[in-house]
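Scroll down for the structure; my scribbles are underneath it.
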Amino acid sequence: MGKDLEDFHRERGKAKRFETYSMEVVTEEVMAIADDASQQPDVIVEEAEFMDAVTDAIAELPEREQLVMQLYYVEEFNLKEIGETLGVSESRVSQILSSVVKKLRGTLKLENAGTEAVKVRRAA
């Protein structure tokens, strides 16, 4: 053919990048790459900005409310444990949490917070 073995392998390697595959053998993982919005740069930036805004809003809360948020979402205490720590009932802790979340939603101007894609999650 007039080509040496090294040229043949180099061209074969280039051609291999352009192989076609049947859609039947492509895995779900590969098909989901383009749809994975959480990995898009604009989504990553939006989430980071949102979390910064949440952190700033929490920092503006009274110390007791900050403590309740810290114990519940970061330390993962249950309502009973938080109540024992603060010397209040479980129902009072629930009221404080509800009040703080409502206050944060207002501060962050989230109108339909129940249907928002970004939710405050417990730290893993």
- Which condition breaks for Y21 when tested against (1) more than 31 Å from the chain's Cα centre (by Cα); (2) modelled with pLDDT of 65 or more; (3) aromatic (F, W, Y); (4) not in a helix (DSSP H, G or I)? (2)
- Taking M69, is it in a helix (DSSP H, G or I) and modelled with pLDDT under 90? no
- Note on the structure: Checked the stretch 86-104 for anything among the β-branched types (V, I, T) and under 13 Å from M69 (Cβ atoms); matches are V93, I96, V100, V101
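Got a number for residues in the stretch 47-74 being exposed (fewer than 13 other Cβ atoms within 10 Å of the Cβ) and either within 22 Å of the chain's Cα centre (by Cα) or over 18 Å from T107 (Cβ atoms) (or both)?
Of the residues in that region, 8 qualify.
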- Message: Looking only at the stretch 75-85, filter to residues that are of a type in the set (D, E) and in a helix (DSSP H, G or I); which one of those is nearest to R105 (Cα to Cα)?
- Response: E81
- When both residues are 6+ apart or on different chains and their Cβ atoms are under 7 Å apart, which pairs have a first residue that lies in the stretch 83-98 and is without any contact (Cβ under 8 Å) to a residue 40 or more places away in the chain, and a second that is surrounded by fewer than 16 Cβ atoms within 10 Å (Cβ to Cβ) and of a type in the set (G, A, S)? G83/S89
- Task: Tell me which of these V88 doesn't satisfy, since it passes every other one: (1) at pLDDT below 95; (2) surrounded by 13 or more Cβ atoms within 10 Å (Cβ to Cβ); (3) outside any helix (DSSP H, G or I).
- Result: (1)
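The values are calculated or read from the model by the stated rules, or taken from the named source; none is laboratory data. If you're wondering where the values come from, they're calculated on a predicted model, not measured in any experiment. Reconstructed Cβ throughout: ideal geometry from the backbone, glycine too, with neighbour counts over all protein chains shown.
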